Structure formats: C-alpha cells, structure tokens
Amino acid sequence: MRVSPVFRAASRLLLLLALVALVGCSMFGKKREDPLETLGVEALYERGKLANDRGNYDAAVRTFGRLVARFPFGPYTEQAQIDQAYAQYKMNKPDDAYSTINRFIKTYPTHKHVDYAYYLRGLINFDREEGLLERYVGLDMTQRDQTFLRQSFDDFSSLVRRYPDSRYTPDATQRMVHLRNGMAQAEINIALYYLRQGANVAAANRAKTVIETYDGAPQVGDALAILVKSYHELGQESLSDDTARVLQLNYPNHPALSQGWPVWRSNWWKLIPLSNRGAKPIAKK
C-alpha cells in the first residue's frame, strides 16, 4: 500500500514530539541531590563548621541537626551537638541552645570538651535578651528577672567547681562576680522599694539577705544603711545605732552617713527622660 507524503510527514512529527517529551521528562523529572542527605559524616561536619565560621548560623543548625539524625553515634556527632548549640546561641535562640547543650552534658558527662559545654550553658542565660526596653532604654540587669541570671551563676559555678584548671574558668569566675553583684543589687532595689512604701520589716529582711548571702559585695554598705533606716522607723533605736556604727566602721564614705540617703525621685521623672528632677532626700531623723 502506498503511503502518502502527508501521512509520512505527520508520523515523523508525532515521533519527534514524543522523543522531545521523553527527553523533557527525563531532564526535569530528575531531582537534585540534597548534600545533607548524601555527604559522609566528615564532609557533613566540615560543611556545618564552615557555616558557623562564616556566621551562617541557620545553615549550621540545619547541617548539624541532619548530621546527628543520620549518624547518631561517633566523635563527629558529639562535636556537632556542641557546635549546633553554639549556632543556636548566636541566633538568639536561648531555649533551643540551652536544651541542646544540656542534653549533650547529660549524654556525654566525661567528654573532653564538656568544660566548654558548661561554659556555653552559662553564657546562654548570661546573655539572654530581655527585649526592647533593655536594648534601647538601657535597663540594667538588676531590673531583670533574676531566674536566668541565677541559673547562669549556677552553671558557671559548676564549671569552676568541676574543672578549676579549664581555660574557661577565669572568665567564668569574673562573670560570677558580676552576676553576684547584680543579684545583690536586685535585692537592694527591692529593699529600697519596701522602704519607700513604709514596709520597714520587709525592707530590713531584704537588707539582711544581702548581708548574709552576698558578704563582700559592694551592696553590703547599702544594706547596712537600709537597716539603719528601717530600725529607726520601727522604733528600735538601739539596733539602729549599733548598725550605724558598723556602717561607719566598714563604709565610712557611704552617703547615708553624711547626707540624705536614699534619694527618692517623684513620679514626674518617669515623664522626663534622663532627668533627676523632683529628688527629695530622706534622712534619718
């Protein structure tokens, strides 16, 4: 049977279109390989470490997370958890970072880098962000929730106690002093609040806490001055005079001995940024 030229041309065109479609499916249907699913453990760790070094912490967290999932055991997996916690810390995700490093410490308590893990755990709470007011108004640490600061102190304390020769211990010790003084100041802030409200028993109790708990902190002088004032307001003049003598002996330059202390500001100061207007000295009568 004779085939017409038009039929042959149409057949060839259909065949060509079929081949093009087949090649297209082959090209576009092939999925690109994900390196997080194909790289070996060493290469995967180096990829995450490079991301950390470059400050690409989001990529580092994803890479180390995948490494731990694919390779649950081994030295690279152990180190990846520390590096992942560091990346989360740098991303300002303290809850995630603390969870990761805490899990590492519990799982590998004898790891050669566990001293750094304790140090990082302390840093995470030490550097927790407190929001807009602290960043832009300059709210100091003594006005913050003390829970995280106390936890940070405990974490640094664990490092110093367990690993006194660690390279991180000197810095941790300095941070502990800073935190200790900050927590003492927080107690003074509360005691001063009670004093201003006329809650003299509560003020005295807070002052005693500073003296008993933070012996040697700079705030002990303020605590003694608060006791002097509180005892006076409570009519316990003998205790007030005895405490005043202790204050004079140990803190001869404290302002409570020579001028009105503490100095209250009226509520109008809240409406005037960086203003001390409305100050009224309250001295022992």
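Filter the stretch 170-198 down to the residues that are closer than 30 Å to K112 by Cβ and free of Cβ contacts under 8 Å to residues at least 24 places away in the same chain, then identify the one that is surrounded by the most Cβ atoms within 10 Å (Cβ to Cβ). In this case the residue turns out to be M176.
Here is a yes/no grid of residues against (1) buried (at least 18 other Cβ atoms within 10 Å of the Cβ); (2) in contact with a Lys or Arg (Cβ under 7 Å, 6 or more places away or on another chain); (3) of a type in the set (S, T, Y):
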| position | (1), (2), (3) |
| --- | --- |
| D83 | yes, yes, no |
| Y86 | yes, no, yes |
| Y89 | yes, no, yes |
| N102 | no, yes, no |
| H111 | no, no, no |
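Every number here is computed from the coordinates shown, using simple stated rules; none is lab data. Being a predicted model, the structure only gives us computed values, none of them experimental. Because the Cβ atoms are built from the backbone with ideal geometry, glycine has one as well, and the counts that use them run over all protein chains shown.
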